[in-house]
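Notes follow the structure.
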Amino acid sequence: MAESAVDLTEFRAEVVAWLRANKPAKPDFLLPETFMEVGTDSQFQYLKEWQQSVYEAGYLGMAWPKEYGGGGMPQAYQDVVNAEMSRESVPFVPNTIGLNWAGPLILAIGTEAEKQKYIRGILSADDIWCQGFSEPDNGSDLAAATTRAVKDGDEYVLNGSKIWTSLGTYAKYMILLARTNPEAENRYAGLSYFLAPMNSPGVDVQPIRKLTGEYGFTQTFFTDARIPASSLMGNEGEGWKIAMQTLTFERGATGGQAGGLSMHAMSVSDVVELARTTMLDGQPAIEDPLIRDQLVQFLLEEQGDRLCNSRAKISQLTSERPTAIPMSSKLRGTEHRRRLCQFAVKLQGANAARWVGDRQAIAGGMWQRSYFNSFSATIGGGTSQVQANIVGERVLGLPKD
């Protein structure tokens with residue numbers, strides 16, 4: 001299919017019509033806001049069926065190669081789908097780690113056998129993926145990983161634990177960073193990267209309850225767990241390099257993701273409506289000039305972020321710092337969402353103390369829940385502080401000290 005303005009206009013109309021006709025009915029249970037809150041079988045099944053529906057309609061993995069289950073089309077078509085999904089506020093697709101991190105990585109550096117084995121299942125949601133990088137004692141210091149992988153014939157034996165393995169309860173595979181050589185000359189050289197099956201004996205997944213009362217996060221324990229040696233990606237000792245490449249996908253610095261929403265869509269227009277209906281000093285909050293000024297600032301920021309992908313393609317605008325936009329996308333997006341939710345809570349005054357389930361809570365307590373949940377994204381994939389350091393050092397060229 002030729003890519004043209006006419007094609008994309010017609011395609012956009014087709015997508016909107018399909019989304020409106022096939023958007024699933026709202027369930028009788030609370031839906032999670034991101035894959036990091038999927039904690040019940042009902043939630044998971046609802047979202048999995050939605051992803052399968054989107055994929056079967058041809059609207060997921062549109063730019064991935066046909067031979068592995070993708071659509072083989074220009075990226076512009078997937079961009080249209082993503083944008084319209086956000087506008088129509090359809091549910092997110094749950095296999096976030098597979099679609100956005102593991103899948104693009106496998107397509108970029110995986111073997112032909114790995115592409116044939118994993119990609120189609122990622123798109124169809126038949127194979128859910130989780131991530132095993134962080135550990136309880138090492139925080140964001142991935143290079144300090146102590147989970148061991150010892151080669152034993154045609155298997156590796158795993159011992160240790162990983163934390164924040166979101167969707168671990170439902171995952172079939174984990175992208176795993178483990179130490180294969182504790183005697184290596186430096187801690188980076190002793191790490192290896194695995195596409196590890198989660199159904200092996202000795203793998204125990206325990207859910208973690210969040211501040212909001214929801215689940216989704218898990219801790220995964222490995223006790224003499226045996227996985228096939230073919231689970232190793234690349235060679236032993238290349239784990240750090242592959243993990244860093246994975247993080248470029250996770251942080252949005254590198255493209256190639258399959259598409260679909262990865263979290264509940266939220267926009268400034270939602271907060272504008274909240275300001276119209278929330279009273280402040282006896283009048284709608286939106287009548288306050290300071291409130292209006294803050295809303296305009298959020299709108300400008302939102303529109304600026306929306307145009308960043310287009311701006312990044314214009315060399316005249318990015319010639320001085322060509323990596324600035326992709327390397328700052330994760331920091332900008334997650335902090336914008338956090339501050340927007342915080343602002344929405346503040347608008348409610350004393351009612352901000354009400355929580356989900358309180359009949360008197362404004363918007364059902366949605367904004368309070370969203371605010372607490374927003375912190376997950378500012379931590380995962382590298383904290384906002386880490387992201388600011390990356391921008392400062394690698395984009396602006398500032399010294400580490």
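Things worth noting here:
- Exposed GluC sites (Glu not before Pro) absent: longest stretch of the chain, with sites in DSSP loops and at most 10 other Cβ within 10 Å deemed exposed: 1-182
- Estimated [θ] at 222 nm from DSSP helical runs (n ≥ 4, -39500 (n - 2.57)) normalised by residues in the chain, nearest 500: -12500 deg cm²/dmol
- With at most 10 neighbouring Cβ atoms within 10 Å, loop trypsin sites (Lys or Arg not before Pro) (DSSP) excluded, longest segment of the chain: 1-312
- Separation of the alpha carbons by more than 18 angstrom is noted, of Lys66/Lys330; Lys23/Lys48; Lys66/Lys115, for Lys66/Lys330.
- Stokes-Einstein diffusion coefficient of the stretch 272-392, Kirkwood radius over Cα pairs, 4 °C, 1.567 mPa s, in µm²/s: 80 µm²/s
- Here the chain is treated with +1 on each Lys and Arg Cβ and -1 on each Asp and Glu Cβ, and its dipole about the Cα centre works out to around 440 debye.
- Other residues whose C-beta falls under 13 angstrom from the C-beta of Leu290 contribute a net charge of -2, scoring Lys and Arg +1 and Asp and Glu -1.
- Computed about its Cα centre, the charge dipole of the stretch 130-250 is approximately 280 debye, with only Lys, Arg, Asp and Glu carrying charge at their Cβ.
- Anisotropy class assigned to the stretch 319-383 is prolate, per the alpha carbon gyration tensor with a/c at or over the 1.5 cut-off and a/b larger than b/c.
- Range in the chain, longest, excluding exposed chymotrypsin sites (Phe, Trp or Tyr not before Pro) [loop by DSSP; at most 16 other beta-carbon atoms within 10 Å]: 189-354
- Amide H contacts of Met233 (H built 1.01 Å from N, in plane; Pro and chain starts excluded): Tyr193, Phe194, Leu195 sit under 5 Å, all sequence-distant by 5 or more or on other chains.
- If the segment from Gln385 to Glu49 were pulled out straight at 0.36 nm per residue, it would be longer than the present Cα-Cα gap by 117.3 nm.
- What you get for the stretch 268-395, charging only the Cβ of Lys and Arg (+1) and of Asp and Glu (-1), is a dipole of about 420 debye around the Cα centre.
- A straight Cα-to-Cα reach below 18 Å connects Lys117 with the aspartates and glutamates Glu67, Asp126, Asp127, residues fewer than 8 places away in its own chain not being considered.
- For the stretch 5-126: rounded, prolate or oblate by the Cα gyration tensor [a/c cutoff 1.5]: oblate
- Convex hull (Cα only) mean projected area of the chain, reported in nm² to one decimal: 22.2 nm²
- Span-like helix criteria (full DSSP H runs; alpha carbon extent of at least 15 Å along the helix axis; mean Kyte-Doolittle hydropathy of at least -1.0) are satisfied in the chain by 5-22, 75-88, 112-124, 239-250, 289-306, 324-347, 366-379.
- Average projected area [Cα convex hull, the stretch 130-250], square nanometres: 7.4 nm²
- With the charge dipole of the chain set up from +1 on Lys and Arg Cβ and -1 on Asp and Glu Cβ about the Cα centre, the Cα lying farthest toward the positive end among the listed residues Leu60, Leu30, Val345 is that of Val345.
None of the figures in this text is laboratory data; all of them are computed from the coordinates on show. This one's a predicted model, so the numbers in the text were calculated from it and none came from an experiment. Cβ sites come from the backbone with ideal geometry, for glycine too, and all protein chains shown count toward neighbours.
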